[in-house]
Amino acid sequence: MSDISPEELGERLQGEENNLLVVDIRHQGEFDDWHVPGSVNVDVYDELAGDPDKAKAALSGLPEEKEIITVCGAGIAAETATEVLQEMDYNAATLEDGMNGWSRVHRHASVSVDLDGTLVQIARPGKGCLSHVLISDGKAAVFDPSHYLEEYERILDEYDAELVGVFDTHAHADHVSGGAELADRHGVPYYLHPKDALAIGATPIEDGQTVAVGSLDIEIIHTPGHSEGSVSFDIEGAALITGDTLFHESVGRVELGVEAGIEDSNVEQNAATLYESLQRLQDRADDALVLPAHDPGSPEPPVTATLSEIRERNEDLGRDREEFIQELASDIPDHPPNFERVKRTNVGQESVPADELAELELGPNNCAAE
């Protein structure tokens, strides 16, 4: 059987010249929720499970000159698809571990920002997640890391930087944070607001506090609403790391902590709180780069926009208070998969074995209000 690793697929898709066609054989709804960018959907999952020969008619229209990469959830059904395609004389291979494997892929790029240092953005295209590494005078801080820590270690090595702190903007609901583990590995503080550090060892941070990384100061802005302990980080007025409080075209959801059973507030209260938090962020410099923890697509770093640009394209920032609360409290989209367990894990109320983490967070992030 011919396989291709998620890492190799990611590299080849980034190349200017590639002859790949990624064919996702899952059901249409699953594909619509979450897929490899540029892939096409040929929904033959049921045929492959029953009588694989019946899938040939739907697959026969694929271009013969392309190298076909088959994808499913975990790579099992896609292996059957590859076998069928090879019988039909296609050049075909299977994505190892399917979308589960794609979820592991990380890419990074420098952010162009007016700072006396370097800011690196790490994108996780399979989850739509964004995290950041700040480097100044040989010191480094990591913001919102995934639990796949190898990428962050590589960046620290690349810049020969000493890690001095790890920050989470909040207790995430769509993916398991690697913040506490990364900080413990390097013997440095793990910073998380006390309202989200319910049962996890963390160095508390509060509104208005500053933390130095090299020659740069990071100002903590308490921006609750998406979660009670959500914060944003203002780096010298040049960059705003906003977590799930403010996205480029949306804002954070307000019901996840309530429905996970870890917040005593209600959805309307959270929406009102988020409205006030967003007003505070809008008081920041117009040319500050807004760097959220998610992008709704399959992001290629760097994903950036200035605060003034976001005001023009983000409809949520133009709503008055009453309309904003009504919109967020009434329009509840699909939840992130397993969000209750993910949320409890990130606040320290549940421990998930390492070999179960990938499956636990498999799926789209769905942390933005629609």
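The values are calculated or read from the model by the stated rules, or taken from the named source; none is laboratory data. Note that the coordinates shown come from a computational prediction; the quantities given were computed from them, not determined experimentally. A quick note on method: Cβ atoms are made from the backbone with ideal geometry, for glycine too, and the neighbour counts reach across all protein chains shown. What goes into the accessible areas is simple: the full protein's heavy atoms, side chains included, and nothing from ligands, DNA or RNA. Shrake-Rupley method; radii C 1.70, N 1.55, O 1.52, S 1.80 Å.
Pull out all pairs, ordered by first then second residue, where Cβ-Cβ is under 9 Å, the residues are six or more apart or on different chains, the first lies in the stretch 147-170 and is at pLDDT 95 or above, and the second is loosely packed, with under 15 Cβ neighbours inside 10 Å and among the basic types (Lys, Arg).
From the stretch 147-170, the pairs are LEU149/ARG185; GLU153/ARG185; LEU163/ARG185.
Going through the stretch 219-246 one residue at a time, which ones are part of a loop (DSSP other than H, G, I, E, B), in contact with a strand residue (DSSP E or B) (Cβ under 9 Å, 6 or more places away or on another chain) and open to solvent by 10 Å² or more (accessible area, probe 1.4 Å)?
The answer is PRO224, GLU236, GLY237, ALA238.
Take the residues in the stretch 1-44 that are loosely packed, with under 13 Cβ neighbours inside 10 Å and of a type in the set (S, T, N, Q); name whichever of them is nearest to VAL71 (Cα to Cα).
The residue in question is GLN28.
Whether any residue in the stretch 45-55 is open to solvent by 70 Å² or more (accessible area, probe 1.4 Å), under 25 Å from ARG104 (Cβ atoms) and of a type in the set (Ser, Thr, Tyr) is what I want to check.
yes
One line per residue, one yes/no per condition, for (1) touching a helix residue (DSSP H, G or I) at 6+ places or on another chain (Cβ under 9 Å); (2) surrounded by fewer than 24 Cβ atoms within 10 Å (Cβ to Cβ); (3) not aromatic (Phe, Trp, Tyr):
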site: LEU119; (1), (2), (3): no, no, yes
site: ARG124; (1), (2), (3): yes, no, yes
site: HIS132; (1), (2), (3): no, no, yes
site: GLY138; (1), (2), (3): no, yes, yes
site: HIS147; (1), (2), (3): yes, yes, yes
site: GLU150; (1), (2), (3): no, yes, yes
site: GLU153; (1), (2), (3): yes, yes, yes
site: ASP157; (1), (2), (3): no, yes, yes
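Of the residues ALA285, ALA271, only one is in a loop (DSSP other than H, G, I, E, B), in contact with a Leu (Cβ under 8 Å, 6 or more places away or on another chain) and open to solvent by less than 60 Å² (accessible area, probe 1.4 Å); which?
Residue meeting the stated conditions: ALA285.
Consider ALA199 against the criteria (1) in contact with a His (Cβ under 9 Å, 6 or more places away or on another chain); (2) assigned to a loop (DSSP other than H, G, I, E, B): it satisfies all of them except one. Which criterion is unmet?
The failed condition is (1).
Is it the case, given these coordinates, that ARG12 is modelled with pLDDT of 95 or more, touching a strand residue (DSSP E or B) at 6+ places or on another chain (Cβ under 8 Å) and among the basic types (Lys, Arg)?
Judged against the criteria, ARG12 is not a match.
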